[in-house]
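Taking it in order: structure first as structure tokens, then the write-up.
Read-outs throughout are calculated quantities, based only on the coordinates presented, and are distinct from any laboratory measurement. This is a predicted model, so every value here is computed, not measured. Every residue, glycine among them, receives a Cβ derived from its backbone with ideal geometry; neighbour counts consider all protein chains shown.
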Number of protein chains: 2
Amino acid sequence: MEQAVVEQIVRQVLANLPNQSIMGIPAGVSNRHIHISSEHMEALFGRGYSLTKDKELKQVGEFAAKETVTLVGPKGVLAKVRILGPVRKITQIEIARTDGFILGVVPPVRDSGQLEDSPGIVVVGPKGAVNLPQGVICAARHIHMPEADAVRFKVADGDRVTVAVPGMRGGTFANVLVRVHPNFRLEFHIDTDEANAVELKNGDLVTLA
Amino acid sequence: MEQAVVEQIVRQVLANLPNQSIMGIPAGVSNRHIHISSEHMEALFGRGYSLTKDKELKQVGEFAAKETVTLVGPKGVLAKVRILGPVRKITQIEIARTDGFILGVVPPVRDSGQLEDSPGIVVVGPKGAVNLPQGVICAARHIHMPEADAVRFKVADGDRVTVAVPGMRGGTFANVLVRVHPNFRLEFHIDTDEANAVELKNGDLVTLA
């Protein structure tokens, strides 16, 4: 079906929905986690190892693995840090600023994959350790959007928007990156510091300001 | 001097200042801490003990003590939690939501002193322990304002305002309590979760939205 036709159908469907349900974007709170390369997975868990799926995540194909690692920084340690699968080309560790204080690293706030000049850390698994030279970031908050949602919110991939959070401890988050992809499920991704600052929990609804 | 005269002079002075410098409110980031009663201090540090000043805080008369305590919750422990002096009538522990997850307590977001139905915790010092039945809160963000600042910001004690934080990770905090007192120094008090969520550091300037 042509994009223009899809958009027209989406508009017609949305015109008949109550306004509240249209505008809500569910929050997805990311606890500290690691995306791991095959090479590093084998270094930590042994040759030929593969991840065991524990729980599917909202984004299609992504899952929380049963496996966890320990992060060892210059000032402290974080144990039981969840691996998110599937394996990736490059290992990337996403922590909150608060986690950074515990570990003794000050990662930059970055979009996923932008790892230049990010700090490294020691990652320890049951079969070995990896001295990662770089790859620790604070993930910049962003919204995953399927194309139909981008149409109704009138935004495009790469846009920066302001997200409003309701409640006594609410407020707004500026410069939130919009990522549009046919396979995405609508979700506002923030880290634990951001969620705790405004009392957001998984599935709570936010809106575009 | 009469209040009306003071206000008039303040207005005249401010009219001649550049706008930027007028509107900035310095942030004060509160790490987890405890305000302690004499009774509890003696239980933890010994009979007749008094606090040793380590560093004066921005608010007049307040200080960080050299003494720290350990908080023991149902799920975890936080060591080296700073005592803020002077001693108070009632012990009050202020932690961030993130700290609560470590300890295994879910304190309510409250203005200082509002401790009804807040969770308790075990507090341990070098000479003993106290099983505090209640008193753990997440301090609601607030602004300390001397009267002259209240005049120029056109706000009154008890008002709720929106605070704007600049920067790529900026945004706004809604429902921020304004506290006006002659002895206060201008300061926007937030906890570490809130500061980390928007990359605010001690002394960074915010504005009223």
One would report the antiparallel percent of DSSP beta bridges in the protein assembly as shown, rounded to the nearest 5, as 70
Per-copy distances of the B:Thr52 label point, shortest first, in nm (7 angstrom along Cα→Cβ) = 5.1
Considering every residue in B:171-179, what mean count of other chain Cβ atoms within 10 Å of its Cβ is obtained?
-> 5
Ranked packing of B:136-142, B:53-59, A:150-156, most packed first, by mean Cβ within 10 Å = B:136-142, A:150-156, B:53-59
Give the calculated FRET efficiency between A:Ser37 and A:Arg185 to the nearest 0.05, with a Förster radius of 25 Å applied to their Cβ-Cβ distance.
-> 0.50
Rg over Rh [alpha-carbon atoms, Kirkwood Rh] for the protein assembly as shown = 1.02
Assuming R0 = 30 Å, can you tell me the calculated FRET efficiency for the pair B:Val109 and A:Gln114, based on Cβ-Cβ distance, to the nearest 0.05?
-> 0.35
Run the dipole for region A:31-139 about the Cα centre, Lys and Arg Cβ at +1, Asp and Glu Cβ at -1, nothing else charged, and hand back the magnitude in debye, nearest 20.
-> 300
Mean residue ellipticity (222 nm) of chain A, computed from DSSP H runs ≥ 4 via -39,500 (n - 2.57), nearest 500 | -6000 deg cm²/dmol
State the number of lysine pairs found in chain A whose Cα atoms come within less than 22 Å, restricting to pairs 8 or more positions apart or on distinct chains.
-> 18
Using the 7 Å Cα-to-Cβ label point, sort the distances from A:Pro26 to its equivalents in the other copies shortest first and give them in nm to one decimal.
-> 4.5
For label points placed 7 Å from Cα toward Cβ, what is the shortest-first list of nm distances from A:Val5 to its copies?
-> 8.3
To the nearest 0.05, how large is the calculated FRET efficiency for A:Tyr49 and B:Lys53 if R₀ is 60 Å and r is the Cβ-Cβ distance?
-> 0.60
For region B:114-199 the GluC sites (Glu not before Pro) that pass both the DSSP coil test and the at-most-12 other-Cβ-within-10 Å test are B:Glu116
Note on region B:31-139: C-alpha Rg/Rh, Kirkwood Rh, two decimals, gives 0.93
Calculated SAXS-style log₁₀ I(q)/I(0) at q = 0.16 Å⁻¹ - chain B, Debye, Cα scatterers | -1.08
Antiparallel bridges, percent of DSSP beta bridges restricted to region B:31-139 (to nearest 5) = 70
